[in-house]
Amino acid sequence: MKIVDVKATAVNVPAEFSSCGKTKKATLGICVVEITTDDGLVGVGMTAITEEEVVAFTINNIIAPAIMDDDPLCTDRVWNKLYWLLTPRGQSGYACHAIAAVDIALWDIKGQALGQPIWKLLGGARDKVITYATIGFDFFDNDQLAEVAKTWQAEGFNKFKMVVGHNALKRRDEPRPVLEAVRNDISRVQTLREAIGEEAEIFIDANCNLDPYHAAWLAERVEEYNISFFEEPLIGNDPQQLNQLRSRTRIPLAGGQNEGQSSKFKQLLLNDSLDILQPNVAISGGYTQCAKIAGMAEAFNTGIDNGGAWPFHNLHLHAGVRNGGMVEYHIFAVKCLEQIFIGLPKPENGFLHAPSEPGLGFTLNQDALKELAKMPTSKGMGK
């Protein structure tokens, strides 16, 4: 079998979320890649939370010529070639996103060729994965946050994530002091806890928007609300500073969703930086690398969960490997994926069931992708 065509398409997908009388419109930039074999199989991959135009250009103009005629089943061989082509000195960023998208497509082909879903090829550890819903966005006031949480709880979810420290460091010169940004988060966490009860779980996510002082300040004040993990509390995911923060709070720390190289995960493990690693197959080098990161984490007795959204792709990793964990049901990301793919699994009582169909188990909506491709790209604003 040989690769005969590689095509990447950059789209900026609009999504709208309405609840409790509040409507929020947003867009997310996504790069979709299609790889075709001489046997007529087509594998589909994707990446996001980056500049989709840059990734699509990289795939179409640099990766495609390099992997033409390669065997798509030899995923490690292709991955190694792309590593030395795009990131020979351990660089991260756009190149890692491009490798991830291509790798997902190759595993989709592998599953189709072998007649098995990807999660079984990765090990088949379980046939369903736990989900948590990301619903706690900063544009909800406290009453709306409580109502949205109760609505999703009625749908079977009992684990919820909310944003804290929203753009805190980015906006500190407006002026908006960082402390002002996080002070309101205390009441938001309290509101969510009171709305969902003591048995439900709360996760908080700073999206790398805080410095060590303000992250510790916030953690100290929300510990009483029984937070299950604090995701990406620090700018840059600094391994040493995360270790120091971990020693100052009882809240478990999570992170890694935006890291592109396995070497960064090694440093996070060696420095005892995190309680939970969060490799994301759409960002952290696809299934080929994320399975190895999961193996490293297992050797350190460290759990893995999916952060950074894209649950339908990440469920294969967490259903496949022995130490797989939860997947993130991010409401905006899901609404975007529902416009691009057909046959996505639906959550049931807080679980996503792994598909039985070969490969990813869902297919690309070609007509929708063509229409979305006619629209302007995000110009850096689709993250």
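Counting only helices (runs of 4 or more DSSP H) that sit completely within the stretch 1-100, those holding 2 or more residues that are of a type in the set (D, E, K, R) correspond to 52-58, 75-86.
In this structure, is Leu218 assigned to a loop (DSSP other than H, G, I, E, B), aliphatic (A, V, I, L, M) and free of Cβ contacts under 8 Å to residues at least 60 places away in the same chain?
Numbers: assigned to a loop (DSSP other than H, G, I, E, B): no; aliphatic (A, V, I, L, M): yes; free of Cβ contacts under 8 Å to residues at least 60 places away in the same chain: yes.
Taking the combined requirement at face value, the residue does not satisfy it.
Per the conditions (1) surrounded by fewer than 24 Cβ atoms within 10 Å (Cβ to Cβ); (2) in a helix (DSSP H, G or I); (3) within 18 Å of the chain's Cα centre (by Cα), the sole criterion not satisfied by Trp119 is (1).
Tally time: how many residues in the stretch 351-378 are touching a residue at least 60 places away in the same chain (Cβ under 8 Å) and assigned to a loop (DSSP other than H, G, I, E, B)?
So the answer is 11.
Take the stretch 324-336 and flag every residue that is part of a helix (DSSP H, G or I) and over 15 Å from Ala133 (Cβ atoms). Scanning the stretch 324-336 gives a single hit, Cys336. When Glu348 is tested against the conditions (1) within 12 Å of the chain's Cα centre (by Cα); (2) over 14 Å from Gln257 (Cβ atoms); (3) acidic (Asp, Glu), the lone failure is (1). If the condition is being over 17 Å from Met296 (Cβ atoms), open to solvent by 50 Å² or more (accessible area, probe 1.4 Å) and part of a helix (DSSP H, G or I), then the stretch 244-273 contributes Gln244, Arg246, Ser247, Arg248.
Applying a threshold of 7 Å to beta carbon distances and a minimum spacing of six or more residues, or different chains, the list of pairs starting in the stretch 123-148 at a residue that is more than 14 Å from Val163 (Cα to Cα) and open to solvent by 50 Å² or more (accessible area, probe 1.4 Å) and ending at one that is in a strand (DSSP E or B) and at pLDDT 95 or above reads Asp127/His353; Lys128/Phe351; Lys128/Leu352; Lys128/His353; Ile130/Phe351.
Test Asn314 against the criterion of being open to solvent by less than 20 Å² (accessible area, probe 1.4 Å), under 29 Å from Phe139 (Cα atoms) and not in a loop (DSSP other than H, G, I, E, B), and give yes or no. Yes: the conditions hold for Asn314. Exactly one residue out of Gly320, Gly295, Gly285 is farther than 29 Å from Ser18 by Cα, modelled with pLDDT of 95 or more and surrounded by fewer than 24 Cβ atoms within 10 Å (Cβ to Cβ): that is Gly295.
Yes/no per residue for (1) under 24 Å from the mean Cα position of the chain (by Cα); (2) not in a helix (DSSP H, G or I):
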position	(1), (2)
Gly165	yes, yes
Ala168	yes, yes
Arg172	no, yes
Glu180	no, no
Ser187	no, no
Thr191	no, no
Glu194	no, no
Glu198	no, yes
Ile204	yes, yes
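Of the residues examined, Leu73 is one that is out of contact with any strand residue (DSSP E or B) (no Cβ under 9 Å at 6 or more places or on another chain), farther than 22 Å from Phe312 by Cβ and open to solvent by 30 Å² or more (accessible area, probe 1.4 Å).
When you scan the stretch 156-171, do you find a residue that is among the aromatic types (Phe, Trp, Tyr) and either touching a Gly at 6+ places or on another chain (Cβ under 9 Å) or modelled with pLDDT under 90 (or both), even just one?
As a first pass, look at the stretch 156-171 and keep what is among the aromatic types (Phe, Trp, Tyr): 157, 160.
The next check asks that each one be either touching a Gly at 6+ places or on another chain (Cβ under 9 Å) or modelled with pLDDT under 90 (or both); those that pass are 157, 160.
For the stretch 156-171, residues among the aromatic types (Phe, Trp, Tyr) and either touching a Gly at 6+ places or on another chain (Cβ under 9 Å) or modelled with pLDDT under 90 (or both): present.
Among the residues of the stretch 25-55, write down those that are of a type in the set (A, V, I, L, M, F, W, C) and open to solvent by less than 10 Å² (accessible area, probe 1.4 Å).
Matches in the stretch 25-55: Ile30, Cys31, Val32, Val33, Ile35, Met46, Ala48, Val55.
The values are calculated or read from the model by the stated rules, or taken from the named source; none is laboratory data. A quick note: this is a predicted structure, and the numbers were derived from the prediction, not measured. Backbone-built Cβ (ideal geometry, glycine too); neighbour counts: all protein chains shown. Accessible surface is based on the protein model in full, side chains and every heavy atom, while ligands, DNA and RNA are left aside. Shrake-Rupley method; radii C 1.70, N 1.55, O 1.52, S 1.80 Å.
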